[in-house]
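> Below is the structure I would like to discuss, written out as structure tokens.
None of the figures in this text is laboratory data; all of them are computed from the coordinates on show. Here the structure is a predicted model, which is why all the values come from computation and not from measurement. Neighbour counts are summed over all protein chains in view; Cβ atoms, including those assigned to glycine, are modelled from backbone coordinates with ideal geometry.
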Amino acid sequence: MSESGIRSKRWLAILASAVAIAATSGCERSPATGQAALRAPDVVFEPTPHSVVTEMLKLAQVDANDVVYDLGCGDGRIVIAAVKRGARGVCVDIDPQRITESRANAQRAGAAERIRFLNQDLFETEIGDATVVTLFLWPSVNQKLRPKLLRELKPGTRVVSYIHSMDDWPPREDRDVEGARGPRKLFLWVIESRPK
């Protein structure tokens, strides 16, 4: 093979490598599913203690008329618990491993038929049919999410956050709970009206 042919093959190999790197940059692969995450998650998964899940659902007064969205659903425990109270649920997580785990947990609990599982970015998910939204995110993520909640949720929709408030949006109610690392807060907001 000529020297120019060898150079051409090297450039093609370099170009192919660059394209492969560009195609996967910013995406992490889930070891459990082999699927690429849509982008890096905003928060590290930390399960909400079961006792706190119960208190979140009580605070939101979840019943059989509700559609509960858990944005950043982790292992699905909040939505599964809501379904056990008669509600329907939607698990939303950017990490395909979390969705796989949520689905498996819901199937084991006999709740999967009443839950939709969405491997989506919570900032892009349509949430307008929610009557309750649950959050265990970070303060900065709550703040970034707040305009979407106010824009898309119907008046009367309840939003419950574990640990983190929404800065200058005063909650309708807050409650002390015992978290995995000691005393923590739950916050409840009720959507009053959509901005004009």
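> May I ask you to list the residues in the stretch 68-124 that are among the aliphatic types (A, V, I, L, M) and not in a helix (DSSP H, G or I)?
Answer for the stretch 68-124, where residues must be among the aliphatic types (A, V, I, L, M) and not in a helix (DSSP H, G or I): 68, 71, 87, 90, 92, 94, 111, 115, 118, 122.
> Still on this structure, I have one more. Residue 98: among the basic types (Lys, Arg) and touching a Gly at 6+ places or on another chain (Cβ under 8 Å), yes or no?
Numbers: among the basic types (Lys, Arg): yes; touching a Gly at 6+ places or on another chain (Cβ under 8 Å): yes.
Criteria met by residue 98.
> Before we move on, is residue 108 in contact with a helix residue (DSSP H, G or I) (Cβ under 7 Å, 6 or more places away or on another chain) and without any contact (Cβ under 8 Å) to a residue 60 or more places away in the chain?
Details: in contact with a helix residue (DSSP H, G or I) (Cβ under 7 Å, 6 or more places away or on another chain): no; without any contact (Cβ under 8 Å) to a residue 60 or more places away in the chain: yes.
No; evaluated as a whole, the condition is false for this residue.
> Restricting the stretch 36-62 to residues that are in a loop (DSSP other than H, G, I, E, B) and aliphatic (A, V, I, L, M), which is nearest to residue 188 (Cα to Cα)? Explain how you work it out, then say what you get.
Within the stretch 36-62, the subset in a loop (DSSP other than H, G, I, E, B) is 37-49, 60-62.
Okay, now just the ones that are also aliphatic (A, V, I, L, M), so 37-38, 40, 43-44, 60, 62.
Numbers: 37: 30, 38: 29, 40: 28, 43: 21, 44: 23, 60: 7, 62: 12 Å.
Applying the filter and picking the extreme gives 60.
> Now, a different point. If residue 140 passes every condition in (1) closer than 15 Å to residue 72 by Cα; (2) among the small types (Gly, Ala, Ser); (3) not in a helix (DSSP H, G or I) but one, which one does it miss?
(3)
> Still on this structure, please answer the following. What residue, among those in the stretch 150-175 that are in contact with a Phe, Trp or Tyr (Cβ under 6 Å, 6 or more places away or on another chain) and polar (S, T, N, Q), is farthest from residue 128 (Cα to Cα)?
The extreme case among them is 165.
> While we're here: For residues that are surrounded by fewer than 24 Cβ atoms within 10 Å (Cβ to Cβ) and either of a type in the set (S, T, N, Q) or free of Cβ contacts under 8 Å to residues at least 40 places away in the same chain (or both), tally how many sit in the stretch 63-82.
Quick first cut of the stretch 63-82, residues surrounded by fewer than 24 Cβ atoms within 10 Å (Cβ to Cβ) only: 63-67, 72, 74-75, 77, 81.
Going one step further and asking which of them are either of a type in the set (S, T, N, Q) or free of Cβ contacts under 8 Å to residues at least 40 places away in the same chain (or both), we end up with 63-65, 75, 77, 81.
Total meeting the criteria: 6.
> Does the stretch 143-163 contain at least one residue that is in a loop (DSSP other than H, G, I, E, B) and either within 15 Å of residue 53 (Cβ to Cβ) or touching a residue at least 60 places away in the same chain (Cβ under 8 Å) (or both)?
yes
> Which one is surrounded by the most Cβ atoms within 10 Å (Cβ to Cβ), of the residues in the stretch 83-123 that are farther than 21 Å from residue 44 by Cα and charged (D, E, K, R)? Walk me through how you get there before you give the answer.
Step one: filter the stretch 83-123 for residues farther than 21 Å from residue 44 by Cα, giving 83-89, 106-116.
With charged (D, E, K, R) added as a condition, the list becomes 84-85, 88, 108, 113-114, 116.
Working: 84: 15, 85: 16, 88: 19, 108: 10, 113: 9, 114: 17, 116: 13.
Top of the filtered list is 88.
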